[in-house]
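Only the coordinates and a few stated rules stand behind these numbers; no lab work does. Everything numeric here is computed off the predicted structure, so don't read it as measured data. Please note: Cβ atoms are built from the backbone with ideal geometry, for glycine as well, and neighbour counts cover all protein chains shown.
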Amino acid sequence: MSTSVPKRPKITAITLHVLMPDGTTRIHDINPEDCDALAWSDRAVEVFSRFYDKGGPAEGKHMSREDFLHHFPHAGALIGDQPHLPMTPEVVNAIWHHPKADMTTPAFLAKSIKNPVNG
């Protein structure tokens, strides 16, 4: 009797349709080759933030200043003049709740696979 290894389907594209508070719609295409985690609710962001907690799999990870400001250009106050930002649940929460100039907060957070510093 042979045992076969189950095959997992592969996600090849993710498209987010975002309804903005002003009633307009924005579309974001996310490449699953570049992203391995996506959170869009308060609860999901809370669960995601624990990834960076003490004893968590990403404890001690950090985001370079350049990468942080590339993804969150409106959130310079969160990083200040630091060369990198240690990732913690508190930082993830601060990013999630930090408003842009138009007073909207992020609709989603996506964790990049390709960030060599952030793991």
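Determine the principal axes of the Cα atoms in segment 44-113, then give the extent along each, sorted from largest to smallest and rounded to whole angstroms.
Computed over the Cα atoms, the extents are 36, 27, 21 Å.
Quote the relative contact order of the chain in percent (integer), defining contacts as alpha-carbon pairs under 8 Å separated by 6+ residues.
Numbers: 143 pairs, mean separation 33.2, N = 119.
Answer for the chain is 28 percent.
Taking loop as defined by DSSP and a crowding limit of 13 other beta carbons within 10 Å, which GluC sites (Glu not before Pro) in segment 27-107 fit?
GLU33, GLU59
Which of the residue pairs LYS61/LYS111; LYS10/LYS111; LYS7/LYS61 have a Cα-Cα distance greater than 22 Å in the structure shown?
Beyond 22 Å between Cα atoms: LYS7/LYS61.
Based on Cβ point charges of +1 for Lys and Arg and -1 for Asp and Glu, what charge dipole magnitude is obtained for the chain about its Cα centre, in debye rounded to the nearest 20?
On the way: 12 positive and 14 negative charges, 93 e Å.
Computed charge dipole of the chain: roughly 440 debye.
Which value in deg cm²/dmol, rounded to the nearest 500, describes the helix-derived mean residue ellipticity at 222 nm for the chain, given -39,500 (n - 2.57) per DSSP H run of n ≥ 4 and division by the residue count?
The helix contribution divided over the chain gives -6000 deg cm²/dmol.
Not counting the cut sites, what is the longest span of the chain without trypsin sites (Lys or Arg not before Pro) that DSSP labels loop and that have at most 12 other Cβ atoms within 10 Å?
Details: sites that count: LYS7, LYS10, LYS54, LYS100, LYS114.
Longest gap between qualifying sites, sites excluded: 55-99.
Please report Rg over Rh for the chain, where both radii come from the alpha carbon positions and Rh follows the Kirkwood definition.
On the way: Rg = 16.6 Å, Rh = 16.0 Å.
Ratio of gyration radius to Kirkwood radius: 1.04.
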